[in-house]
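K.L.:
Would you mind keeping the following structure in view while I ask a few things?
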Amino acid sequence: MTATPAAPAVTHRRLRIGIGGIGIESSTFCPHRSTADDFRQTRGQELLDRYTWTQPDADLADLVEWVPLLHATALPGGPVEAESYLTLKDELVTRIRHAGPLDGLVYDIHGAMSVVGLTDAEADLTEAVRAALDSVGTPDGTGRPMISTAMDLHGNVSHRFAAPIDLLTAHRLAPHEDAWETRERAARNLVRCLREGSRPHRAWVQVPVLLPGEKTSTRLEPAKSLYASLADIERLPGILDAAMWVGYAWADEPRCQAAIVVTGDDAELAAAEAGKLARRYWDARRDFVFVGPTGSAEECVEQAVASAKRPFLISDSGDNPTAGGAGDLAYMLGKLLEHDAIRSGEVTAVHPGITDPVAVARCFEAGVGAEVTLSVGGKVDANHGGPYELTGTVEALQRATDQKDRAEGGAYDRGVDMAAVRVGGLTLILVERRKPFHTLADFMGPADGGLGIDPRTYDLVVVKIGYLEPELYDMAADWLLALTPGGVDQDLKRLGHHRVERPMYPFDDDAYEDGAGPGLTAAQLPPLTPHSA
């Protein structure tokens with residue numbers, strides 16, 4: 001066993017720990033560009049209110065003074081514009097420098113942010129954050145502020161990014177029902193290390209596999225067992241945390257691939273466990289399958305119409321805004337209205353979430369009950385058919401001001417102007433700004449008004465999403481994943497990656513057929529002692 005170098009244990013006073021970060025998932029294949037206005041930005045008490053473990057009645061209250069910095073999170077989309085990124089980065093770094101001495105930072109990010117002009121945005125941000133923390137030092141003037149990072153398992157972990165971070169952990173469920181648990185684990189691991197004076201070793205290894213989230217859901221094997229094994233590794237003496245990232249498939253950068261990080265006092269054990277987990281992931285690469293049955297848009301519509309199961313859900317996966325799609329493709333809309341049973345009204349369908357502010361404004365001008373002729377979608381991502389021309393009846397309208405941001409404070413929950421337009425048996429929900437539809441409330445609105453559309457009353461529910469979020473999953477009598485085009489196309493080979501490291505599965509399926517396989521020996525990242533600054 002390699003002992004962790006001693007660090008000053010802080011038990012004689014409350015810890016001062018900052019909280020902040022910038023989080024977004026960015027498809028480099030999406031023509032949309034994210035700006036600072038797309039980020040929900042929280043500071044001060046509003047930031048602390050995001051978490052249960054920062055509250056005055058939480059068990060950590062007597063141990064920690066939480067210092068709110070800046071947290072910015074956005075709905076996934078295209079790359080962040082450089083000026084917007086620099087604005088957010090500069091504020092976070094400035095707030096760290098003005099915060100005074102800190103024992104550590106809970107670094108709440110996603111891990112798949114792309115920025116126009118940068119290759120590894122998270123590494124760039126983290127290096128600046130590390131430099132700012134080192135400049136303020138710790139309250140005791142000894143040691144070095146620690147960084148504990150909470151991430152999405154669809155993030156990317158390059159060596160450059162991981163090196164300045166003391167503790168890394170990630171979600172263990174997809175869908176991410178444990179997102180808040182992950183953030184709390186990052187915070188508690190940090191408090192534990194600071195109070196014990198532990199500076200853990202980190203074993204890091206990348207795996208040359210890049211798969212979409214819809215093939216790596218923990219609802220199915222092999223991801224289910226791989227992620228379940230993390231808790232077993234974590235329980236080993238000398239191990240603090242084990243984390244696995246599947247990477248982000250829709251960015252074309254060298255860092256985009258699966259990664260493993262095992263953290264603990266025992267450097268050799270951490271490296272051995274990281275290597276074994278990486279080998280298991282590699283060996284299982286061909287066993288990952290889509291989380292549900294798939295088909296083309298036409299095949300999925302035909303099968304759903306013919307089925308007796310209601311409601312029948314279809315995922316328009318290639319334009320999923322919560323994976324980074326533009327959200328304005330009318331491709332699936334066209335396929336729905338090509339079907340005679342839907343166009344005639346024999347079969348009913350609801351298709352929410354096409355982003356088109358001009359069409360929404362036109363519906364508000366016309367009013368409920370009016371007939372409107374619209375050119376829908378295809379303005380941001382014009383690469384897959386362009387706008388769709390239709391004539392329909394305005395069925396319902398809802399202003400953003402009539403909606404309430406949800407208590408959990410996510411970027412997905414911001415109010416938007418919405419308009420429902422009926423064409424034959426199809427009700428189309430248009431939004432003036434990109435918005436996912438994951439819950440009944442997204443469709444129905446608040447109890448005192450809103451669109452009032454209940455998706456459970458329709459034969460078909462066709463949503464711009466990948467795997468179904470829990471409420472939709474529970475709602476579906478049956479479900480198909482449509483392999484539609486877009487900025488988050490599930491068929492990665494159609495997108496044209498050219499900057500990812502090669503060979504890489506599935507782009508090079510026959511690589512390593514000689515039996516040797518890739519080198520998966522974990523690199524041991526030394527603890528970030530005061531002397532590593």
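Any read-out appearing in this document is the output of simple, stated calculations on the displayed coordinates, not a laboratory observation. Just so you know, these numbers come straight off a predicted model, no measurement behind them. Cβ coordinates were reconstructed from backbone atoms using ideal geometry, including for glycine residues, and neighbour counts include every protein chain displayed.
K.L.:
Excluding LYS379 itself, what net charge comes from residues whose Cβ is under 11 Å from its Cβ, given Lys and Arg +1 and Asp and Glu -1? Numbers along the way, then the final one.
P.N.:
Details: positive: none; negative: ASP328, ASP356, ASP381.
Taking every other residue near LYS379 into account, the sum is -3.
K.L.:
Using the Karplus curve 6.51 cos²θ - 1.76 cosθ + 1.60 with θ = phi - 60°, work out ³J(HN,Hα) for each residue of the range 346-357 in order, rounded to whole Hz, and write x for Gly and Pro.
P.N.:
4, 10, 9, 8, 10, 10, x, x, 6, 7, 6, x
K.L.:
With θ set to phi - 60°, apply the Karplus curve 6.51 cos²θ - 1.76 cosθ + 1.60 along the range 129-144 and write out the HN-Hα couplings as whole Hz, x wherever there is a Gly or Pro.
P.N.:
Coupling constants for the range 129-144: 5, 4, 4, 5, 4, 4, 6, 8, x, 9, x, 8, x, 10, x, 8 Hz.
K.L.:
Rounded to the nearest 5, what % of DSSP beta bridges with both residues in the chain are antiparallel?
P.N.:
Within the chain, antiparallel bridges account for around 45 percent of the total.
K.L.:
List the pairs from LYS224/LYS335; LYS224/LYS435; LYS464/LYS493; LYS89/LYS335; LYS215/LYS335; LYS309/LYS464 whose alpha-carbon separation is above 32 Å, in the order I gave them.
P.N.:
Pairs exceeding the cut-off: LYS224/LYS335; LYS89/LYS335.
K.L.:
Rounded to the nearest 500, what is the 222 nm mean residue ellipticity of the chain from helices alone, with -39500 (n - 2.57) per DSSP H run of 4+ residues and division by all residues?
P.N.:
That calculation yields -7500 deg cm²/dmol at 222 nm.
K.L.:
Report, in debye and to the nearest 20, how large the dipole of the range 237-381 comes out about its Cα centre when Lys and Arg carry +1 and Asp and Glu carry -1 on their Cβ.
P.N.:
On the way: 12 positive and 22 negative charges, 47 e Å.
That gives the range 237-381 a dipole magnitude of about 220 debye.
K.L.:
Roughly what % antiparallel, to the nearest 5, for the DSSP beta bridges in the range 294-489?
P.N.:
Roughly 45 percent of the DSSP beta bridges within the range 294-489 come out antiparallel.
K.L.:
A further question follows. Find which of HIS498, LEU226, TYR467 sits farthest along the positive direction of the dipole of the chain, computed with +1 on the beta-carbon of Lys and Arg, -1 on that of Asp and Glu, about the Cα centre.
P.N.:
Selected residue: LEU226.
K.L.:
Could you pull out every residue, at least 5 positions away or on a different chain, whose amide H is within less than 5 Å of the one on GLU25? Hs are placed 1.01 Å off N in the peptide plane, and Pro or chain starts have none.
P.N.:
Excluding prolines and chain starts, which carry no amide H, the hits are GLY77.
K.L.:
Next question. Near the amide H of LEU70, under 5 Å away, which other amide H atoms are found, from residues 5 or more places off or on another chain, if H is placed in the peptide plane?
P.N.:
Amide H neighbours of LEU70, under 5 Å, 5+ apart: GLY21.
K.L.:
Under 16 Å between alpha carbons, and skipping anything fewer than 8 positions from LYS276 in its own chain: which aspartates and glutamates qualify?
P.N.:
Cα-Cα hits under 16 Å: ASP232, GLU234, ASP241, ASP266, GLU268.
K.L.:
D for the chain, whole µm²/s, Stokes-Einstein with Kirkwood Rh over alpha-carbon pairs at 37 °C and 0.692 mPa s: what number?
P.N.:
The Stokes-Einstein estimate is 136 µm²/s.
K.L.:
Given the C-alpha centroids of the range 478-529 and the range 34-103, what is the distance between them in whole angstrom?
P.N.:
31 Å
K.L.:
In addition: Taking the Cα centre of the chain as origin, work out the dipole magnitude from +1 charges on Lys and Arg Cβ and -1 charges on Asp and Glu Cβ, in debye rounded to 20. Walk me through the numbers before you get to the answer.
P.N.:
Working: 51 positive and 78 negative charges, 218 e Å.
Roughly 1040 debye for the chain.
K.L.:
Let me ask something additional. Please name whichever of LEU397, VAL372, GLY424 sits farthest to the positive end of the charge dipole of the chain, dipole taken about the Cα centre and charges placed at Cβ: Lys and Arg +1, Asp and Glu -1.
P.N.:
LEU397
K.L.:
Let me ask you something else. Along the charge dipole of the range 67-188, pointing to its positive end and built from +1/-1 on Cβ of Lys, Arg, Asp and Glu, which listed residue (GLY78, MET151, ALA121) has its Cα farthest out?
P.N.:
Result: MET151, furthest along the dipole toward the positive end.
K.L.:
With +1 on each Lys and Arg Cβ and -1 on each Asp and Glu Cβ, how big is the dipole of the range 104-161 about its Cα centre, in debye rounded to the nearest 20?
P.N.:
100 debye
K.L.:
Let me understand the range 294-489 better: what is its radius of gyration from the alpha carbons, and its Dmax, in angstrom?
P.N.:
15.1, 42
K.L.:
While we're on this one: Determine the sum of side-chain charges near GLY424: Lys and Arg each +1, Asp and Glu each -1, restricted to other residues whose C-beta is under 15 angstrom from that of GLY424.
P.N.:
Numbers: positive: LYS335, ARG343, ARG422; negative: GLU338, ASP340, GLU346, GLU371, GLU389, GLU395, ASP459.
Net charge in that neighbourhood comes out at -4.
K.L.:
Just the Cα atoms of the range 175-267: what Rg and Dmax do they give in Å?
P.N.:
Using the Cα atoms of the range 175-267, the pair Rg, Dmax is 14.5, 41 Å.
K.L.:
Only Cα pairs under 8 Å and at least 6 apart count here; give the relative contact order of the chain as a rounded whole percent.
P.N.:
Details: 1332 pairs, mean separation 94.7, N = 533.
Contact order relative to length: 18 percent.
K.L.:
Considering the alpha-carbon set of the range 105-255 alone, what are its Rg and its Dmax in angstrom?
P.N.:
15.7, 49
K.L.:
Right, another one. Would you please give the residues with an amide H less than 5 Å from that of VAL347, counting only those at least 5 places away or on a separate chain, with H modeled from the backbone geometry?
P.N.:
Under 5 Å from the amide H of VAL347: ILE342.
K.L.:
For the range 274-285, in order, what is each residue's ³J(HN,Hα) by Karplus, 6.51 cos²θ - 1.76 cosθ + 1.60 with θ = phi - 60°, in whole Hz (x at glycine and Pro)?
P.N.:
With the stated coefficients, the range 274-285 comes to 5, x, 5, 5, 4, 5, 4, 5, 4, 5, 8, 4 Hz.
K.L.:
Ok, one more. Please order LEU329, LEU48 by the number of other Cβ within 10 Å, starting at the fewest. Provide the component values of the computation, followed by the final result.
P.N.:
On the way: LEU329 29, LEU48 18.
The fewest-first ordering by Cβ neighbours comes to LEU48, LEU329.
K.L.:
Using a Förster radius of 41 Å, what is the FRET efficiency between VAL289 and ASN383 based on their Cβ-Cβ separation? Nearest 0.05, please.
P.N.:
Efficiency for this residue pair is about 0.90.
K.L.:
Also: Could you grab the relative contact order for the range 294-489? Cα pairs under 8 Å, six or more apart, rounded to a whole percent.
P.N.:
38 percent
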